[in-house]
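Take a look at the structure below.
The values are calculated or read from the model by the stated rules, or taken from the named source; none is laboratory data. This structure is a prediction, so every number in the text was calculated from the model and none was measured. Don't worry about glycine lacking a Cβ; one is built from the backbone with ideal geometry, like all the others, and counts go over all protein chains shown. With ligands, DNA and RNA removed, areas are computed over all heavy atoms of the protein, side chains included. Shrake-Rupley method; radii C 1.70, N 1.55, O 1.52, S 1.80 Å.
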Amino acid sequence: MSVSAKKTHPLGVPEGFLWGASTSAYQIEGATAEDGRGESIWDVHSRLPGRTNNGHTGDVACDHYHRWPEDVALLKQLGVGAYRFSVSWPRVLPRGRGAVNDKGLDFYDRLLDGVLEAGMEPWLCLYHWDLPQKLSELGGWTNRDVAGWFADYTVLVARRFGDRVRHFSTFNEPNVATLFGYAMTWCAPAVQDRAAYFRAAHHLNLAHGAAVDVLRNWIPGAQIGSIYNVQPVHPESDTPENRKAALVLDAHWNLVYADPQILGTYPAIVANEFEPYIQAGDMARICRKVDWFGMNHYGPIWTRADDTNQLGFAWGDNPNPVPHPHIGWPIYPDAFTDELKRCAKRYKLPVYVTENGMGRGAAEEVVDDQGRVADPYRIAYLKLYTAAMAQAIRDGVDVRGYFIWSLLDNFEWGSGYGNRFGIVHVDFDTLKRTPKDSFAWYQALVKGEGA
Ligand code: IFM
């Protein structure tokens with residue numbers, strides 16, 4: 001009798017490793033004024049002059065609100081085990097609190113049922129930057145009441161979808177939402193105020209803790225995490241001022257959310273700046289048990305000291321020759337391995353890579369005469385980065401899954417439709433979807449037939 005050996009994945013990832021794809025509501029849904037959806041801060045922000053590339057908005061985006069069956073079919077064709085998406089808070093609570101929009105909830109019902117029928121596990125993220133505008137008018141994240149509003153919204157989501165969703169994340173990249181939204185003005189609501197930034201960050205942390213409690217109460221067995229954008233931060237040049245700027249930005253970028261949420265403390269270098277906003281019992285409210293650590297990783301950041309900036313740093317230039325110049329993107333896969341190791345050691349949680357991928361200027365990503373979108377640079381990037389993840393696993397990191405960013409070309413925030421991250425090309429005039437070469441590459445990787 002012959003015993004057939006179990007096929008191991010070419011990357012050497014463990015059995016049961018989860019391959020997935022990620023998107024977010026405002027970036028793909030469109031239908032921003034349909035079926036009772038309320039405005040989000042991004043609707044307002046993107047209409048202001050000069051905020052996005054060519055004044056692009058998410059009004060139509062990929063029209064996923066209507067075309068979701070086609071997108072679910074693409075996910076099925078891709079063969080992934082999980083689909084990570086976010087719920088639009090203003091679609092289900094148009095004013096952020098109070099009256100519920102049943103049609104908004106119905107949309108996510110249809111989507112969830114479709115994802116489950118297609119044999120995939122839905123991973124639901126509660127917040128991917130689209131705060132209801134009505135709440136922003138009350139101060140948004142700077143208003144301490146936001147933690148309660150977020151908890152109430154979480155109750156609604158948990159009660160309605162908790163029968164079908166097991167994996168929840170509270171936030172996607174809170175650092176970007178607050179740092180770029182309240183300190184640097186690159187994201188909505190584009191407030192530039194030092195105190196507002198610290199308040200927003202702390203209140204978001206409180207909202208995280210409150211939401212974890214809600215999910216635990218309503219959904220026994222829920223697997224709860226949060227998703228952090230983690231990148232190494234380097235000084236642009238080796239001066240004491242720039243070294244300090246790098247340490248401060250590292251704290252704001254990488255630690256100000258994960259540390260209090262998982263370890264119960266703010267990082268020492270910035271802790272005293274949070275003190276005015278911390279009330280008795282807050283750190284215990286924020287630090288709730290979670291089940292997994294979501295890591296979004298793209299590449300390193302360079303910084304320099306800047307006295308004119310309210311937090312003391314500015315984005316700097318990479319002083320080094322870029323490795324792998326043929327790929328045309330700062331490719332530092334070893335940094336990915338290192339950051340996976342740093343997070344595993346610091347937070348001692350199973351890790352899911354919840355975003356990784358490559359953006360390319362829209363002009364270069366075109367459907368050719370044969371109906372093909374050739375994106376060898378993206379495949380080259382993904383090969384190096386998935387191999388770097390496999391290295392971290394060999395080095396002992398408990399990485400349980402990898403979600404590509406993104407399924408579809410989409411509204412890339414300030415870059416509008418000028419930067420494409422999808423493995424499926426979207427023609428934003430006709431909304432036609434065309435899988436790129438990287439789609440076939442990822443499909444083979446998921447099947448365990450290539451790396
Ligand atoms: O498109 C974004 C996403 O919304 C958050 N993480 C980074 C991606 C690429 O910039």
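Using modelled amide H (1.01 Å from N, peptide plane; none on Pro or chain starts), what sits under 5 Å from the amide H of residue 322, excluding residues fewer than 5 places away?
none
Could you list which residues have their amide H under 5 Å from that of residue 228, counting only those 5 or more apart in sequence or on another chain, with H placed in the peptide plane?
The list, which skips near neighbours in sequence, is 173, 294, 295, 296.
For residue 109 and residue 345 in one chain, what is 0.36 nm times their gap in residues minus the Cα-Cα distance, to one decimal in nm?
81.2 nm
Which of the peptides 294-301, 376-383 is most tightly packed, and how do the rest follow, going by the mean number of other Cβ atoms within 10 Å of each residue? Walk me through the numbers on the way to the answer.
Details: 294-301: 22.9, 376-383: 20.2.
In decreasing order of mean packing, 294-301, 376-383 become 294-301, 376-383.
Per 0.36 nm of contour for each residue apart, how much would the distance between residue 318 and residue 431 grow if the chain were fully extended, relative to their Cα-Cα spacing?
Values: separation 113, 0.36 × 113 = 40.68 nm, distance 3.62 nm.
Stretched out fully, the residue 318 to residue 431 stretch lengthens by 37.1 nm.
Taking amide hydrogens as modeled 1.01 Å from N in the peptide plane, which residues meet the under 5 Å criterion relative to residue 404, leaving out close sequence neighbours?
20, 21, 22
Label 7 Å along Cα→Cβ of residue 329; segment 344-366 residues with amide nitrogen under 17 Å?
353-366
Which value does Rg/Rh take for segment 236-314 over its C-alpha atoms, Rh per Kirkwood?
Details: Rg = 14.6 Å, Rh = 14.1 Å.
Rg divided by Rh gives 1.03.
At 1.4 Å probe size, with the rest of the protein present, what percent of the exposed accessible area of segment 243-300 is carbon and sulfur atoms? If you can, show how the numbers build up before the last one.
Working: 1270 of 2230 Å².
Answer for segment 243-300: carbon and sulfur cover 57 percent of the accessible area.
Compute the label zone of residue 66 within segment 414-451: residues whose backbone N is under 19 Å from the point 7 Å along Cα-to-Cβ.
426-434
Can you figure out the FRET efficiency of residue 309 with residue 279, using R₀ = 35 Å and their beta-carbon distance, to the nearest 0.05? Each step should come with its number before you reach the end.
Working: r = 28 Å, r/R0 = 0.81.
Between residue 309 and residue 279 the formula returns 0.80.
Output ³J(HN,Hα) for segment 86-98: one whole-Hz value per residue in order, computed from phi by the Karplus curve 6.51 cos²θ - 1.76 cosθ + 1.60 with θ = phi - 60°, and x for Gly and Pro.
10, 8, 7, 3, x, 6, 9, 10, x, 9, x, 7, x
So if each residue of separation counts as 0.36 nm, and I subtract the Cα-Cα distance between residue 398 and residue 213, what length gain in nm does that give?
On the way: separation 185, 0.36 × 185 = 66.60 nm, distance 2.52 nm.
This chain segment gains 64.1 nm when fully extended.
Using θ = phi - 60° and the Karplus relation 6.51 cos²θ - 1.76 cosθ + 1.60, list the HN-Hα couplings for segment 349-364 in order, rounded to whole Hz, with x at every Gly or Pro.
Residue by residue, segment 349-364 yields 10, x, 10, 10, 7, 9, 7, 6, x, 9, x, 9, x, 4, 4, 8 Hz.
Please work out, to two decimal places, the log10 of the ratio I(q)/I(0) at q = 0.06, 0.12, 0.14 Å⁻¹ from a Debye calculation in which every Cα of the chain carries one identical scatterer.
Scattering profile of the chain, log10 relative to I(0): -0.23, -1.04, -1.50.
Students often check this: by mean Cβ neighbours within 10 Å, which of 359-366, 106-113 ranks highest, and how do the rest follow? Before the final figure, lay out each step's value.
Numbers: 359-366: 15.1, 106-113: 17.5.
Descending packing order for the listed peptides: 106-113, 359-366.
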